[in-house]
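The values are calculated or read from the model by the stated rules, or taken from the named source; none is laboratory data. The model shown is predicted, which means the values in this text are computed figures rather than measured ones. So basically every Cβ, Gly included, is an ideal-geometry build from the backbone, and we count neighbours across all protein chains shown.
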Amino acid sequence: MKYLYSLYLNRLLLISLLMLACAGDVMATLGQAPSATVSTGSAASQGSLSRKLALAPAVPSNLYTLSESQLETGTTLREYATPAGVVFAVVWRGPVLPDLNAVLGGYFNAFKVGVEQARASGRRGAPASVQRDGLVLKSSGRMRNFSGYAYAPDLIPSGVSINDVLQ
């Protein structure tokens, strides 16, 4: 009986610590550790993440962690990070496209060049698809319904199938 009570207290403490850890804002930046702020990409609605969703790091894997956050605009961001804390994939869905400069970080230039090459070859508009310089990105949608993902193939932990992660 004493053992069960101790186990109960340990679980309660763990849940409390997880809730405190989830209270802060998190934003994914590909190739970096999660940061504390993000802009929403809209000049009229610049701001930080409004909340970290409660279902966040519930992933049964020791190969990566999953965190899910929601922007003030309603767009949901999921970030997948290695055990060392490096974000290797980001997924978004919502009414507003997130600020891809903030989400892609150092990979933004590869995205920009890929989009410029697609435009030069006659492809314009959505969906965007880029595969270059260590970046894979797919983004599609229209007003009030955007979705997409970006990942760095070189950062994916061994043993992780990116297709399983992005589902």
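Listing for the model above:
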| read-out | value |
| --- | --- |
| Residue satisfying condition, being within 15 Å of residue 76 (Cα to Cα) and in a helix (DSSP H, G or I), within set 102, 110 | 102 |
| Any chance residue 114 is on the phi > 0 side of the Ramachandran plot and of a type outside the set (Lys, Arg) | no |
| Residue among 108, 88 that alone is at pLDDT 95 or above, within 11 Å of the chain's Cα centre (by Cα) and of a type outside the set (Gly, Ala, Ser) | 88 |
| Search result, residues across segment 152-167 that are at pLDDT 95 or above and of a type in the set (D, E, K, R) | 154 |
| Residue tally, condition free of Cβ contacts under 8 Å to residues at least 40 places away in the same chain, among the aromatic types (Phe, Trp, Tyr) and crowded, with 22+ Cβ neighbours inside 10 Å, over segment 62-117 | 1 |
| In segment 126-167, the residues that are more than 15 Å from residue 113 (Cα to Cα) and over 18 Å from the mean Cα position of the chain (by Cα) | 126, 127, 142, 143, 144, 158, 159 |
